[in-house]
1. Only one of ARG126, ARG162, ARG187, ARG181 is charged (D, E, K, R) and either within 30 Å of GLY54 (Cα to Cα) or open to solvent by less than 40 Å² (accessible area, probe 1.4 Å) (or both); which?
2. For PRO193, are the conditions met, namely being surrounded by 11 or more Cβ atoms within 10 Å (Cβ to Cβ), more than 34 Å from the chain's Cα centre (by Cα), of a type outside the set (Lys, Arg) and in a strand (DSSP E or B)?
3. Could you tell me how many of the residues in the range 1-21 are closer than 18 Å to GLY158 by Cα and surrounded by 14 or more Cβ atoms within 10 Å (Cβ to Cβ)?
4. Residue under question is GLN215, and the condition is that it be free of Cβ contacts under 8 Å to residues at least 60 places away in the same chain and within 26 Å of ILE14 (Cβ to Cβ); does it hold?
5. Given the options LEU25, LEU42, name the one that is buried (at least 16 other Cβ atoms within 10 Å of the Cβ), at pLDDT below 90 and closer than 30 Å to VAL145 by Cα.
6. Restricting attention to the range 175-234, which residues are under 19 Å from ARG7 (Cβ atoms) and aromatic (Phe, Trp, Tyr)?
7. In the set ARG73, ARG7, which member is of a type in the set (D, E, K, R), in contact with a helix residue (DSSP H, G or I) (Cβ under 7 Å, 6 or more places away or on another chain), part of a helix (DSSP H, G or I) and modelled with pLDDT under 90?
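The values are calculated or read from the model by the stated rules, or taken from the named source; none is laboratory data. Source: prediction; values computed, not measured. Ideal geometry is used to build each Cβ from the backbone, glycine not excepted, and the neighbour counts take in all protein chains shown. Note: accessible area is taken over every heavy atom of the protein model, side chains too, but ligands, DNA and RNA are not part of it. Shrake-Rupley method; radii C 1.70, N 1.55, O 1.52, S 1.80 Å.
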Amino acid sequence: MKVQIERLLEFQSIETDIQRRTAALAAIPERIAEKEEETQRLRRAFEGEKEVVGALKKKYRGLESDAASNAQRIAKSREKLSVVKTNKEYQAMLKEIDDMTAANSALEDEMIGCLDEMDQMDERLRRQEEVLKSVSAKLADEMDVLRAEAADHQVRLGEERRLKDLLAQEVASDLMQHYHRVKRMVRGPALVPVADTVCQGCHLNIPPQLYNELQRADALKFCPHCDRMIYWSALL
């Protein structure tokens, strides 16, 4: 019985590791997707900032075009001053020139404001681009690690499943049937040790007579409280 319990414990350990590794493998695609989404989120934020800068530059070009058109109109109006025939027309033309000059001055002030803002935005974009490159490279490395981890899980799962099948052949069929029956009924391990009359599955004391029988290791025993398969801890 001792050898059978040893084999069954090995089988249980391998089975537990397969379950753990399978769960870890199943979680990796989601973890990779999270990394990809984080990269995309940073890239979208960066592209959004670029659009703001693009809109600001477009606004500046519009102001620049308006200022140039106004400057041409001012120049033409000044040319016309020499041919104006009446003082009234002359004064009206001067007022028109003053109005256009004031408008151009306002446009130039706004252009200066745009240039200052563009300088700030360009500097912020430069810093954000550096952060994006750094974080994207880090995330790419992390995704590579996750993919390597997934590949390793796949290989090890194949090895463990083959070992599990070999161990299953070395355990008596009736013992294996008991194991699977208990496994369906309890959470955690189906086969647990008993130390100082305490079942390590439910942590309750088993009857002294059962503990004595357990030490002889001549038959399969079950915990009367949790129904787990039990063995004497000092046996192995």
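1. On the way: ARG162 fails: either within 30 Å of GLY54 (Cα to Cα) or open to solvent by less than 40 Å² (accessible area, probe 1.4 Å) (or both); ARG187 fails: either within 30 Å of GLY54 (Cα to Cα) or open to solvent by less than 40 Å² (accessible area, probe 1.4 Å) (or both); ARG181 fails: either within 30 Å of GLY54 (Cα to Cα) or open to solvent by less than 40 Å² (accessible area, probe 1.4 Å) (or both).
Exactly one of ARG126, ARG162, ARG187, ARG181 is charged (D, E, K, R) and either within 30 Å of GLY54 (Cα to Cα) or open to solvent by less than 40 Å² (accessible area, probe 1.4 Å) (or both), namely ARG126.
2. Details: surrounded by 11 or more Cβ atoms within 10 Å (Cβ to Cβ): yes; more than 34 Å from the chain's Cα centre (by Cα): yes; of a type outside the set (Lys, Arg): yes; in a strand (DSSP E or B): yes.
Against the criterion (surrounded by 11 or more Cβ atoms within 10 Å (Cβ to Cβ), more than 34 Å from the chain's Cα centre (by Cα), of a type outside the set (Lys, Arg) and in a strand (DSSP E or B)), PRO193 qualifies.
3. Going residue by residue through the range 1-21, those that are closer than 18 Å to GLY158 by Cα are 10-21.
Among the residues that remain, those that are also surrounded by 14 or more Cβ atoms within 10 Å (Cβ to Cβ) are: 10-15, 17-18, 21.
Summing the residues that are closer than 18 Å to GLY158 by Cα and surrounded by 14 or more Cβ atoms within 10 Å (Cβ to Cβ) in the range 1-21 gives 9.
4. Values: free of Cβ contacts under 8 Å to residues at least 60 places away in the same chain: yes; within 26 Å of ILE14 (Cβ to Cβ): no.
Criteria not met by GLN215.
5. Numbers: LEU25 fails: at pLDDT below 90.
The conditions single out LEU42.
6. TYR179, PHE222, TYR231, TRP232
7. Working: ARG7 fails: modelled with pLDDT under 90.
Sole residue among the options that is of a type in the set (D, E, K, R), in contact with a helix residue (DSSP H, G or I) (Cβ under 7 Å, 6 or more places away or on another chain), part of a helix (DSSP H, G or I) and modelled with pLDDT under 90: ARG73.
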